[in-house]
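Notes to accompany the following structure.
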Amino acid sequence: MLFVATCIDKPDHLQTRLDNRPAHLAYLNGLGAKLKVAGALLGPDNETPIGSMLIFDVADQDEALKLVDDDPFGKVGLFESISVKAWRQGVGAPLA
């Protein structure tokens, strides 16, 4: 089942994001088919990352939350908030 994780960074934590980005990308690249798509949420300037959006194909919400928690960004406490919701794709190229 597909789950969308929306993670918002803590204010003034851009350097934390930048410092941990290589480990974050390595982690995501290691998830294989569990990760369908991921990318940064951008601030009002359309350039500065302020969070992350990820779509996972996993068994349940608990597994999706664990993947976010195990991410290097999660381990260093980058996120102010995390939301994980089941998602059903309606249109576009199939992700599942």
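Each value in this text was obtained by applying a stated rule to the coordinates, not by laboratory testing. Fair warning: this is a prediction, and the values are worked out from it, not measured in the lab. Backbone-built Cβ (ideal geometry, glycine too); neighbour counts: all protein chains shown.
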5 angstrom amide H check on LEU35, placed H, neighbours 5+ away: ASP57
Mean ellipticity per residue at 222 nm, deg cm²/dmol - from DSSP H runs of n ≥ 4 across the chain, formula -39500 (n - 2.57): -9000 deg cm²/dmol
Rg and Dmax [Cα atoms of the chain; Å; Rg one decimal, Dmax integer]: 13.1, 36
Each residue of region 13-18 in turn: what ³J(HN,Hα) in whole Hz from Karplus with 6.51, -1.76, 1.60 and θ = phi - 60°, glycine and Pro shown as x? 10, 4, 5, 4, 4, 5
Within region 44-66, which residues have the backbone N less than 12 Å from the label spot 7 Å out from ALA86 along Cα→beta-carbon, could you tell me? 59-62
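Can you give the relative contact order of region 2-87 as a percent, counting alpha carbon pairs under 8 Å and 6+ residues apart? Can you show the working numbers first?
Details: 138 pairs, mean separation 44.1, N = 86.
After rounding, I find 51 percent.
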To the nearest Å, what is the center-to-center distance of region 66-91 and region 14-44, using C-alpha atoms only? 11 Å
